[in-house]
1. Only one of 28, 18, 38 is in a helix (DSSP H, G or I), of a type outside the set (Ser, Thr, Tyr) and touching a residue at least 40 places away in the same chain (Cβ under 8 Å); which?
2. Evaluate the stretch 58-78: report whether one residue or more is at negative phi, within 16 Å of the ligand (Cβ to nearest atom) and of a type in the set (A, V, I, L, M).
3. So residue 233 passes all but one of these: (1) of a type in the set (Asp, Glu); (2) under 28 Å from the mean Cα position of the chain (by Cα); (3) farther than 27 Å from residue 105 by Cα. Which condition number does it fail?
4. Residues to consider are 162, 171; find the one that is touching a strand residue (DSSP E or B) at 6+ places or on another chain (Cβ under 8 Å), more than 9 Å from the ligand (Cβ to nearest atom), assigned to a strand (DSSP E or B) and of a type in the set (A, V, I, L, M, F, W, C).
5. Working carefully through the options 131, 123, find the one that is within 13 Å of the ligand (Cβ to nearest atom) and of a type in the set (S, T, N, Q).
6. Determine whether residue 196 is away from the ligand (no atom under 16 Å from the Cβ) and part of a loop (DSSP other than H, G, I, E, B).
7. For the stretch 158-177, indicate whether the set of residues that are surrounded by fewer than 20 Cβ atoms within 10 Å (Cβ to Cβ), in contact with a helix residue (DSSP H, G or I) (Cβ under 6 Å, 6 or more places away or on another chain) and not hydrophobic (A, V, I, L, M, F, W, C) is non-empty.
8. Hey, among the residues in the stretch 367-389 that are assigned to a loop (DSSP other than H, G, I, E, B) and within 15 Å of the ligand (Cβ to nearest atom), which one's surrounded by the fewest Cβ atoms within 10 Å (Cβ to Cβ)?
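Bear in mind that the values in this text are calculations on the coordinates, not laboratory data. What you see is a predicted model, and the numbers here were worked out from it, not measured in a lab. Every residue, glycine among them, receives a Cβ derived from its backbone with ideal geometry; neighbour counts consider all protein chains shown.
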Amino acid sequence: VSYYDEPLVDDLLKPDEVELRRTIRAVVAAEVAPLADVTHRGRPTSPRAFAALRSYCGLLLPQSYGGTGSSTVAYALAVEEIARGCASTSLTFVTQTHAAYPILLKGTEEQRYRYLPGLANGTLLGALAITEPDAGSDAASLRTRAQRDGDTYVLDGSKTFITTGDRADVIVLFATVDRSRGRDGVTAFLLPGDAPGLDRSRTIEKLGMHGSSTATLHLDGVRLPASARLGDEGSAWALSMATVVKSRISAAAQGLGIAASAYAISMRWAAGHGLLRGSNHQAVQFRLSDLRTRIQSARLQLHAVARSVDFGGRDHTADVAMAKTTCTDLGFHAANTAMDLHGMAGTLDGCGVERLLRDVVVTQIYDGTNEIQRLLVARDAADRLDVNP
Ligand SMILES: Cc1cc2nc3c(=O)[nH]c(=O)nc-3n(C[C@H](O)[C@H](O)[C@H](O)COP(=O)(O)OP(=O)(O)OC[C@H]3O[C@@H](n4cnc5c(N)ncnc54)[C@H](O)[C@@H]3O)c2cc1C
């Protein structure tokens, strides 16, 4: 029996999902969590922990492309387990899916067979490059230009904060074929990591997720064949909206994993100090009860959204936005609570608590900041009111 499983949540899982969680949990316990501190220090990345998880990178891909065709709930469970053991490694792990998913959605058969099996088994590393120095939340204002030249495109511009960008074998890169067209000009390309004219030598030092590399990309006259275009010209904005449904589930599951880890650490700390029972210690018990309650609620919310996404048939943007905000804000609250309970000891390098707090902050920022998620939820609510006043 562990601190982080909830019977109510487990009642709603399918047997294969529980089995996958058991398998991933065993791998994480044996080969990922023990390296979490080394991974955290091993900037920009420590490939050993990721290597143990390579064969699970294709959870959301069909078997025909080397994946396992697992449910989105199974994926969320796997990401939560990995993040609980090592958030940095979970970021490298989910980035494989973030690169593979747009290829699955819009790739030609040739593009899919070329990249998806390798991304699914981790022999190829992937990255998704949207953000630019002047285009973060407002991704449609990106400036990286793709100019058609006969049977080729010539790409110029810069990308920043690209996870695994320094090492990826294939980068799903968003550029514009015509900036005046706004969203309708945004076009995706499959950029090989060794393309001439691509400089990705600069990695970024950041607050947390130290074991996951974050790179700046400079493209100076990078020439790609037209066959490297992913989907039609101008179709990539819609593609990014379809991809964030999965990538925001990744971020939510990471926030939840960090929350579960903070809760487990806090429970152990309270048990070690004899605070789990007895009316003298209710202040601590109440904080832990609140954490447990919120983790259970968040997990139910995330699994419900993930299940509904697999049912398909409607737009899940607002549901996913709510789950991402709930889970990552909870991750921050839980890590902060663990820090509070541990006092000075929580700030010590290597104690685990300060790492959780560092790692969780970025989950609130990437895949659309939590303010942007709130905007999406507000817009959806307003739209519903218009339809059904
Ligand atoms: C560790 C890490 C890994 C990342 N990996 C990737 C990756 O692999 N690929 C990739 O493309 N990007 C990646 N990113 C970038 C990430 O997606 C962006 O940081 C994010 O979209 C926010 O953009 P920004 O940092 O430019 O913030 P800004 O857009 O400049 O926002 C700054 C602040 O203003 C707020 N704000 C902005 N617009 C509004 C608005 N309209 N209304 C209300 N508030 C607003 C934001 O919420 C935020 O608080 C990564 C970032 C981090 C930290």
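1. Result: 28 is the single residue among 28, 18, 38 that is in a helix (DSSP H, G or I), of a type outside the set (Ser, Thr, Tyr) and touching a residue at least 40 places away in the same chain (Cβ under 8 Å).
2. From the stretch 58-78, those at negative phi are 58-65, 67-68, 70-78; that's our starting set.
Still in the list and also within 16 Å of the ligand (Cβ to nearest atom): none.
No, every residue in the stretch 58-78 fails to be at negative phi, within 16 Å of the ligand (Cβ to nearest atom) and of a type in the set (A, V, I, L, M).
3. With respect to (1) of a type in the set (Asp, Glu); (2) under 28 Å from the mean Cα position of the chain (by Cα); (3) farther than 27 Å from residue 105 by Cα, residue 233 is out only on (3).
4. After ruling out the rest, the residue left standing is 171.
5. 131
6. Details: away from the ligand (no atom under 16 Å from the Cβ): yes; part of a loop (DSSP other than H, G, I, E, B): yes.
Yes: the conditions hold for residue 196.
7. no
8. 369
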